[in-house]
1. Does a label point 7 Å from the Cα of L138, set along Cα-to-beta-carbon, have any residues of segment 185-214 with amide nitrogen under 15 Å, and which are they?
2. Using the Kirkwood formula on the Cα atoms of segment 233-317, what hydrodynamic radius do you get, in angstrom to one decimal?
3. Can you tell me, using C-alpha contacts under 8 Å and at least 6 residues apart, the relative contact order of segment 233-317 as a whole percent?
4. What full-extension length gain, to one decimal in nm, is calculated for K190 and D63 as 0.36 nm per residue of separation minus the Cα-Cα distance?
5. Per 0.36 nm of contour for each residue apart, how much would the distance between D150 and N198 grow if the chain were fully extended, relative to their Cα-Cα spacing?
6. What is the set of long-range amide H partners of T235 at a cut-off below 5 Å, with H atoms built 1.01 Å from backbone N?
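Since every read-out is calculated from the coordinates, none of them should be taken as a lab result. Keep in mind that what you see is a predicted model, and the values were worked out from it rather than measured. Here the Cβ is made from the backbone with ideal geometry for all residues, glycine too, and neighbour counts use every protein chain on show.
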Amino acid sequence: MRASRLLSILILLQLRGRLTAAGLAAEFEVSERTIYRDIDALSAAGVPVYGDRGPGGGFQLLDGYRTQLTGLSADEAEAMAMIGLPGPASELGIGAATSAAHNKLIAALPGDGGALADRMATRFHLDAVDWYRSGENLPHLPAIARAVLDQHALSMRYDSWQGVRDWTVDPLGLVLKAGIWYLAARGGGKTRIFRIANIDRLAVGTTSFERPADFHLARWWQAEQARFEGELFATRATVRASPDGCKRLAAQSPRGAEAVTAAGVQAADGWRAMAMMVENSDHGARDMLALGAEVEVVAPASFRRRIAALAAQIAARHR
């Protein structure tokens, strides 16, 4: 533990220039006395570190000194893939390891590479959560991530639209889509998708399972997503939309944007007819109602009637 802290102190001094004992103590959650002992240990090992007392003082390395020793630990190596995603890394329980790995990678860059990387980090930011929505409460996510890496089976109680059910699954991978975490796991004879936020209870097994040699998470997810959307949006609807309705439809979903792009010529009243794939259910009808009176569903008749019925209920409620 101390050797890792000594290396981290060395890398931080290399990255940041001058640091106080108080700052280092806060960084590593130790006492200032411990930091002074660590600095003495670095000096005894031949590292050219010196300190200045008084206001504005602190520790720094002799100008021009750089270490080529990065010493990535196992958990930091696992965290490297999450370096650009500090929020998700924290949700997975590897936020500290990700930060440490980031510092070590920057320290290993030659010349002004560290300054360039720091400039990139301060000018570009990825926020995976959609507008007007906060992150989900995910108390089980770190344990699930560890089970995915260690190939340990999971026993869980899962609450879906079909009801509450107990599952025992082999966790194969985690996917973050639009700010929502999903688990890809083999259970009940097939590989399934579970939303992490819907897991009520969780227990991690102690024995390892054999991961399928032909399973590739990214390819499987893309195929599963295409299958799901193909089954869900299986109704071809004919729609008319005003100029403002076209804008709203295009902004609502990728399917709406595709329909507007391929729409027919504008009629004399400014409206355009188009075909689009919709979900023929209450959920799909409510999506169309959200566009207001600027969009009209012409066909199929059953979908049109469902929208009309929901609109009548809304009007009656607000009379």
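1. 185, 194-200
2. Working: mean 1/r = 0.0784 Å⁻¹.
Evaluated over segment 233-317, this radius sits at 12.8 Å.
3. On the way: 119 pairs, mean separation 32.2, N = 85.
Computed value for segment 233-317: 38 percent relative contact order.
4. Details: separation 127, 0.36 × 127 = 45.72 nm, distance 5.96 nm.
Result: 39.8 nm gained on full extension.
5. Working: separation 48, 0.36 × 48 = 17.28 nm, distance 2.24 nm.
My answer for the length gained is 15.0 nm.
6. Under 5 Å from the amide H of T235 lie the amide H atoms of V278, N280, each far enough along the sequence or on another chain.
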